[in-house]
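Take a look at the structure set out below.
The values are calculated or read from the model by the stated rules, or taken from the named source; none is laboratory data. Bear in mind the structure is a predicted one, so any value in this text is a computation, not a measurement. In this analysis, Cβ positions are derived from the backbone assuming ideal geometry, glycine residues included, and neighbour counts consider all displayed protein chains. Only protein heavy atoms, including side chains, enter the accessible area calculation; ligands, DNA and RNA are left aside. Shrake-Rupley method; radii C 1.70, N 1.55, O 1.52, S 1.80 Å.
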Amino acid sequence: MTYSIPKAELHCHIEGAVPVELAQKQAAKYGVNINPVINGTHYKWHDFTSFITAYDTVANLFKSEEDYQHLAYEYLASIAKDGAVYSEIFVSPDHAMEAGISPQAYFVGLAAGIDKAEAEFGIICRMIIVGVRHLGSEKVEEAARIAANRTHPYITGFGMAGDERSGQVKDFARAFDIARDAGLGITVHAGELVGAQSVKNAVDYLKPSRIGHGVRAIEDADLVKQLADAQIVLEVCPCSNIALSVFETMAQHPFKQLTDAGIITTISSDDPPFFATDLANDYAQIAQTFGYSDADMKQFTKNAINAAFVDNEIKTKILTQLDTE
Ligand SMILES: [Zn+2]
């Protein structure tokens, strides 16, 4: 679905953005049977745990710089055609190493795809390195050290993804200190599978400027006020939340309530083909469900640019373009 408003996305896992056709091509290339995780034109999973299994199977099909270049280019080209002007992708050294490629080669491959997409479509993209929570705090610290080395100029942020139900937030504080001390932007997944307390712990222990999801903050009025007062930005992924049954229907999604309470909200697609969505559809669903005007929708794009982990020169350039369109 296309939707003409200029868009900016802060929350997309690059391995979660593999179209099914591309996964099938990669599976043929490497002689892997991925039938167990594919159902026609969709990925097959039924809960968060089986979603992670399908995700890891698909991620493992990308093993060379060229594979990642192609993936980043294909993804960015697809959203640029739907009006995206800026994107941040979550990149996972753990998934790269599991697939048999070094983190450095992984970043170089992705960056080549980013450059190609920018040259052709003008879309700008930066990378946020994520640690995988359910692999444990040591692995997340390792990812933070890789991020802190900033071996590529497009690495501008650090975050944590994976299963929110795993481990205690405070166990990951050191990883986030390492990343913050290196000057990286900080975001963390919280308030998706676990409720408001998870968001509160993430804010208190990890001091992020953005929260991945964070939508279940709605369960705690004091926390909603705290997020609004501290101007902590939510990377809301509406269709992902419905697909994973965080909320039953879009009408029950708290996007508008959170926004009306003064929280800075943005719109992203998370792992689009896994949730049968794309960025344009996430924008369209929010606009239609809550009756937002085009100007309102553009504001969510501006929110994303203001909260982006990119230098001020690029922010100003994009914001100026948005104001003149
Ligand atoms: Zn995510």
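For the range 58-114, name all the residues that are over 18 Å from residue 12 (Cβ atoms), in contact (Cβ under 8 Å) with a residue 24 or more places away in the chain and of a type outside the set (A, V, I, L, M, F, W, C).
60, 63, 64, 65, 66, 98, 100, 103, 104
Can you name the condition, by its number, that residue 235 falls short on among (1) within 13 Å of the ligand (Cβ to nearest atom); (2) over 24 Å from residue 128 (Cβ atoms)?
Result: residue 235 fails condition (2) only.
Among (1) polar (S, T, N, Q); (2) more than 16 Å from the ligand (Cβ to nearest atom); (3) not in a loop (DSSP other than H, G, I, E, B), where does residue 33 come up short?
(3)
Residues to consider are 28, 23, 54; find the one that is within 16 Å of the ligand (Cβ to nearest atom) and among the aliphatic types (A, V, I, L, M).
Unique residue meeting the criteria: 54.
State all residues of the range 189-204 that are among the hydrophobic types (A, V, I, L, M, F, W, C) and buried (at least 24 other Cβ atoms within 10 Å of the Cβ); if no residue qualifies, say none.
Across the range 189-204, the qualifying residues are 190, 199, 202.
Looking only at the range 260-273, how many residues end up being open to solvent by 10 Å² or more (accessible area, probe 1.4 Å) and either in a helix (DSSP H, G or I) or within 12 Å of residue 237 (Cα to Cα) (or both)?
2
So, in the range 187-224, of the ones that are of a type in the set (Lys, Arg) and in contact with a Gly (Cβ under 8 Å, 6 or more places away or on another chain), which residue ends up farthest from the ligand (Cβ to nearest atom)?
Ranking the qualifying residues of the range 187-224, first place goes to 216.
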